[in-house]
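The values are calculated or read from the model by the stated rules, or taken from the named source; none is laboratory data. As the structure is a prediction and not an experimental result, all values here were calculated from the model. All Cβ positions, glycine included, derive from the backbone under ideal geometry; neighbour counts span all protein chains shown.
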Amino acid sequence: MKPAGTQHVAEFFNCSKDILNSVDEIENILRESIETSNIELISLSSHRYDPIGVTAIAIVSESHVAIHTYPESRHASIDIYTCSRGPASARILDYLKDKLEPGTTRIAVLSRGNPIEVTDTNWITDDTGSAGFDIRYHIEKEIYAKVSTYQDIRIIENETFGKMLFLDNDLQISEYDAHLYNTSMASPLIDAGIPLDHIAVLGGGDGGVLWELLKDGAGKVTLIDIDDAVVKACKTHLTCICHDAFDDDRCEFINDDVFNYLDGTHQFDAIIYDLTMHPEAFIDMDREIFLTDLFTKIMSDLKKGGVVSVQCCSEHDKETLELTKRLLSKFLTDVNFTKTFIPSYCTSWVFGSGIKS
């Protein structure tokens, strides 16, 4: 059929957090944006989620406008569909950008009524968030793909980086430079010269850090990861990274949420934080509050004089780096940060460490 309208699908990043959690503010902005487009507002409905987030949907004379907000990550998803081919959708979008003040945006424009073609299916785009750029990886061969209870898991083969693990399109590790990441995580423990009789790895389901610790002579390593589907996939398809670590007698795998597992009874010599510093996808609170609670639990299970090693973020993610510095300085002494260039990440990665006094 002939084109029957224009649809703008947009993602707004780093918006005003206060606006995103206010039903009144979102409704007013949505209503005003429609007024600027010279189309008729028929009805408007909204809902504020408990404890955070707003959805507002307007039925207009030419279709609909919808906003869904994620205040915990300062993010808004926008959907604007007008059945004419005029500038109404663009005007609404411009108004929303002006009022929500996103730091960056992603916008797709669809001509509705025509077939929607999907192209470049043999590429993965890793969104680097606030870093100001994206990275695209060519899929020479797809080795494994599964949507688990928690995330989309993909293992691919790439011409340059070899086998690569992606979770929700976010690159975790690659065969080519896994050793750089793993040694950066393990070296603060080795350099501290403390006993390594029992170490905990939080996350790290690919097994790379686990293997590095066992190789370096750790007595026992307990790896806690919520998604056993990741561990199973990596044991089968990423032995180039984890080797035989999961079958080592010194390895204990706990399939659990670290929040449930860390209860103050374990008393590890060292703890490696191989989890994300961007938990916004699965939390419904401010991430600094969430991470503060998590680091409180980490401290309760760490011996006095024990070491914490943390993967932080890209050197370009200044907001997360400042947050990590506040967290480590609050809980640890002798806090230190290093940078390692990881070629497959296309950036230098920041690692932090400190000692429990």
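List the number of the failed condition for Ile39; all other conditions in (1) surrounded by 15 or more Cβ atoms within 10 Å (Cβ to Cβ); (2) part of a loop (DSSP other than H, G, I, E, B); (3) under 25 Å from the mean Cα position of the chain (by Cα) hold.
(3)
To keep it simple, each residue is scored yes or no on (1) at pLDDT below 95; (2) touching an Asp or Glu at 6+ places or on another chain (Cβ under 8 Å).
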| residue | (1), (2) |
| --- | --- |
| Cys242 | no, yes |
| Tyr273 | no, no |
| Asp284 | yes, yes |
| Lys297 | no, yes |
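For (1) over 14 Å from Asp98 (Cβ atoms); (2) outside any helix (DSSP H, G or I); (3) not assigned by TED's automatic domain parsing to the domain that holds Ala76, each residue gets a yes or a no:
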{"position": "Glu11", "(1), (2), (3)": "yes, yes, no"}
{"position": "Asp24", "(1), (2), (3)": "yes, no, no"}
{"position": "Glu27", "(1), (2), (3)": "yes, no, no"}
{"position": "Glu35", "(1), (2), (3)": "no, no, no"}
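Taking the condition of being surrounded by fewer than 11 Cβ atoms within 10 Å (Cβ to Cβ) and of a type in the set (Val, Ile, Thr), how many residues in segment 42-58 meet it?
Counting residues in segment 42-58 that are surrounded by fewer than 11 Cβ atoms within 10 Å (Cβ to Cβ) and of a type in the set (Val, Ile, Thr) gives 0.
Could you name every one of the helices (runs of 4 or more DSSP H) located completely within segment 156-271 that has at least 2 residues being surrounded by 17 or more Cβ atoms within 10 Å (Cβ to Cβ) and of a type in the set (Gly, Ala, Ser)? Steps first, answer last, please.
Numbers: elements: 178-192, 208-215, 228-237, 239-242, 258-261.
Qualifying helices (runs of 4 or more DSSP H): 178-192, 228-237.
Just for segment 137-159: of the residues that are in contact (Cβ under 8 Å) with a residue 40 or more places away in the chain and among the β-branched types (Val, Ile, Thr), which one is farthest from Ile226 (Cα to Cα)?
That would be Ile143.
Considering each of Gly5, Gly103 in turn, give the residue that is touching a residue at least 60 places away in the same chain (Cβ under 8 Å) and farther than 30 Å from Asp317 by Cα. Steps first, please.
Values: Gly103 fails: farther than 30 Å from Asp317 by Cα.
Answer to the check: Gly5.
List pairs: first residue in segment 210-226 and in contact (Cβ under 8 Å) with a residue 40 or more places away in the chain, second residue in a helix (DSSP H, G or I) and buried (at least 22 other Cβ atoms within 10 Å of the Cβ) anywhere in the structure, Cβ distance under 9 angstrom, at least six positions apart or on different chains.
Note: pairs meeting the criteria are Leu210/Asn182; Leu210/Cys242; Leu210/Ala245; Leu213/Asn182; Leu213/Met185; Leu213/Ala186; Leu213/Leu189; Leu213/Ala245.
Taking Phe290, is it among the aromatic types (Phe, Trp, Tyr), under 22 Å from the mean Cα position of the chain (by Cα), surrounded by 16 or more Cβ atoms within 10 Å (Cβ to Cβ) and not in a loop (DSSP other than H, G, I, E, B)? Even if it seems obvious, please write down each step before you answer.
On the way: among the aromatic types (Phe, Trp, Tyr): yes; under 22 Å from the mean Cα position of the chain (by Cα): yes; surrounded by 16 or more Cβ atoms within 10 Å (Cβ to Cβ): yes; not in a loop (DSSP other than H, G, I, E, B): yes.
In short, yes.
Looking only at segment 223-257, which residues are polar (S, T, N, Q) and within 20 Å of Ala178 (Cα to Cα)? Talk me through it step by step, then tell me what you get.
Step one: list which residues in segment 223-257 are polar (S, T, N, Q), which gives 236, 239, 255.
Once the filter is applied, which keeps residues that are polar (S, T, N, Q) and within 20 Å of Ala178 (Cα to Cα), segment 223-257 yields Thr236, Thr239.
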